1. Could you give the length gained on full extension between A:ASN132 and A:VAL100, defined as 0.36 nm per residue of separation minus the Cα-Cα distance, in nm?
2. Per the Kirkwood formula on distinct C-alpha pairs, the Rh of chain A is how many angstrom?
3. Please list B:TYR241, A:TYR47 in order of solvent-accessible area, largest first, computed with a 1.4 Å probe with all protein chains present.
4. Any idea of B:THR334's accessible area? Nearest 10 Å², probe 1.4 Å.
5. Kindly sort A:LEU173, B:LEU167 by accessible area of their heavy atoms, largest first, with the probe set to 1.4 Å.
6. How many Cβ atoms of partner chains, on average, are near each residue of A:85-93 if near means within 10 Å of its Cβ?
7. Applying 1/(1 + (r/R0)^6) with R0 = 35 Å to the Cβ-Cβ distance of A:LYS239 and A:ASP6, what FRET efficiency is obtained, to the nearest 0.05?
8. When you look at the Cβ of every residue in A:66-78, what mean number of other chain Cβ atoms sits within 10 Å?
Amino acid sequence: MGKTVDMILTSYRNFAGASGYLFVSLAALVFLFCTEKNKRVLHYFLYPIAAIWILFLIPLYAWIATTVWDASYYRMLWFVPFAGLFAYAGVRLLILAEDVMRRIAVGLLLICLLVGSGNLILTDSRLTPAQNAYHVPQEYVDVIERVVALDSPMAVVVPREMLEYVRQVEPRLLIPYGRDQMTPGWHQDNELYDAMEASTYNEETIATQSRLQNVGIIVVEHNRPRTEKGIRFLNNYYKLIDVVGNYEIYEDVFYDYFNLDWTPKEQPNT
Amino acid sequence: MGYVLLTLFVICVPFACGLVLLPVMRGEDKSLLGVYLYGWVFLLALFFVLTVPMIMFKRAFSELVMLYSILLGLASIAGLLQFLRDLRSKRSLRMAICEGRNVFFRESPWAKLGWGIAFLLFVGLCVFLLTHQYLDGDDAYYVVISQDAVHSNTMYRVNPYSGYPGLGLEYRHALCPMPIFFSFLSVIGKMSPAVLCHNFACPLLILLTFLSYLLLGRKLVKEHVNYRSAFLLLVMGFYLYGMVSVYTAERFLLTIPWQGKSVLANLILPMFWVNAMASTEENRTHTNRVLLFLLVLASLLCSTTSVFYMSVAVGILAIVDGIRMRRWSAFVLTLLCILPCVAVGGIYLYVGA
C-alpha cells in the first residue's frame, strides 16, 4: 500500500515537476464545475475527466494498472485533455467578462498563468539547430557515409555516442551491440563494448574481440589515449582507411583470408 | 517530388476515406474538419487491423503496402460514392460546409485576427521544429524499425539495435506497429523513414493535433462562434508552454511527434473527447459507437498503453451512458467498444509475456 502511494506521488511529481501545470488544470476543472450549465458537457466532458483524476489517485487502481499492464503509470494522465480543459476554462472566463477592458485583463491573466506555470519548449537546451535532414549530428553522418562507401559485408563497431544513430542513417549496417547495451537492465557483458568504452583504448583487445564478434570495421575516437597508437591495429591486419572529424576508421583487410562466416546470426530482442 | 506526393496523399486520402463514415456522423462531426480527422482515424484503424495479423504470420512488408494501398483505393472510391449519396440527405456535408463558411464570414474581426495569429504561430512553430533537432534515444528503436521494414522487407523480424535477425517476435512492440505506418508513408514519399519522421511527420502531426482540438473546441463553445479562435490559441499556448517534464503530451508532440505514444496522446485522445462530446447533440447512438470503436482500434496502433487505459476511459463513458439513458443496454453496447483492447491484451498476455 505504502509503495503504491509512493508510486502515485512519484508519477505525479515526474509528470508535472515543480511547475503549476497540474494546479492550473485542476483549477480550470473546479472553475468549470462551478460555472458550467450545460449538463451534457458536464456529463461527457467534466465528470469523466474528474473520474480519471480520482482513479489516478486510488492506490488499488494504481496497483492493478501497474501490475497487470503498464509500469508507466503517468500515461494515465494523458487521458486528461489538459490543453482542452485550460482553453475551455479560458474561453468561459472571456465570455463571462462583460466589456473589452475586462476581456483584455482576462487575456493577460491567462497568458501570465501559462508563462508562470509552464516552460517554453522552444528554449529547451536539447533542441539544437538541425545539421541535416536526418536530424543527426553531421559528424556522425559523415563517418557513417564513409563506412557505407566501403561497401563491406562486415559489421561495424562505433563509440558509444554514435550507437543510437548508425542504423537510423543506414539500416544496411550491422553493429555488434546497440543502444540496448547502454541501457541499465538490458546491458550484457561484452568485452568489445568494455574495451571501446575504456578511458584508454587497448587496441589489441579491440582487434581481437572485433574479430571474435565478426566486426570488420572499427571506428575509434582520434583523440582518446591508447596503447601504441595504430600499431596494434596494424599488427592485427586492421588498416586505417580514413580520419573523419574526430574519428578514425579501420578496416580488416584480410577478412577473406580468415574465411569468416559473415552471415548474420540471430540475436534476442530486448 | 516525394514531398508533393506525400502532401497530396495526406490531404486527399484521409478526406476521401472519411467520407465513408458520413452515414455515422452527426452534428459537428459532419463537417470538413470532422470528415478529415475521422478519415485519419479510419486510416490508422484499418492499418492496425491489417498489419498485426500480417506481422504475426511473417508476411513481407511489400505485401502489406500493396494490400493496404488497394484497400485505401477502394475506401476512397466508396467514400466518393457515399458523398454523392449524401448530397440528397436532409443535412448533407455540402450544406454543413456552406454553413461553416457562413459562420466564418459572420465572425467578429477579433475572431478573424485570432485565426490569423493561430496560423502564423503554427507556421512559425513548424519552421522552428524543422530547423532544429531533438536527439531522443527511443528513435534508435522506433525510427530504425521503420527503416528495417523498408530495407529488409520484413516487419519486426530484425533486431533494430544491431541489424541482426531477431530471435522471435517482440510482441510488446509488434502489437502496436505505428512505425510500420511511417514505413508505408516513406514508400509513398520515396524517402528514408528517418527523414520522413524528422521532417514531414512533424508539421503533419502538429497540424492534426491542433485540428482535433479545434473540433473539440467547436463542440464545447458551440454557441459562441467568436471564441473558437481564442480556444485554439489557448490550446496552442498551452502546448508551447507544456515542457514541464519529459512525460507530458505537449513535450512529446513538440519534440518526438512521430513516436506512437505521441500520436496516441495528441491525436487519438483529443479525438476520443471529440467522440465523447458527440453525445452532447443527442444520446449516444450506435453510429457514434462505430466511431468510438474505430478510435479504439487506432489507439491500439499507437501504443500498448491504450490496451488498459483506453479500456478504462471507454468504461467511464459506458457508465455515463448507462446512467444518463437509464438502460443497461447502453452501458453494455458502449463497453463492447473495448473488445479490440481485450483481444490485444489477451494475445500479449498469452503469447508475448
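1. Values: separation 32, 0.36 × 32 = 11.52 nm, distance 4.75 nm.
Going from the current span to full extension adds 6.8 nm.
2. With all distinct Cα pairs of chain A included, I get 23.7 Å.
3. Numbers: B:TYR241 60, A:TYR47 110 Å².
Result of the area sort, largest leading: A:TYR47, B:TYR241.
4. 0 Å²
5. B:LEU167, A:LEU173
6. Details: counts 4, 5, 15, 8, 1, 8, 12, 4, 0.
Across the residues of A:85-93, the mean count of other-chain Cβ atoms within 10 Å is 6.
7. That pair, A:LYS239 with A:ASP6, gives E of 0.05.
8. 5
The values are calculated or read from the model by the stated rules, or taken from the named source; none is laboratory data. Everything numeric here is computed off the predicted structure, so don't read it as measured data. Quick reminder, even Gly has a Cβ in these numbers, built from the backbone with ideal geometry, and neighbours come from all protein chains shown. To get the accessible areas, we keep the full protein, side chains included, count just its heavy atoms, and leave off ligands, DNA and RNA. Shrake-Rupley method; radii C 1.70, N 1.55, O 1.52, S 1.80 Å.
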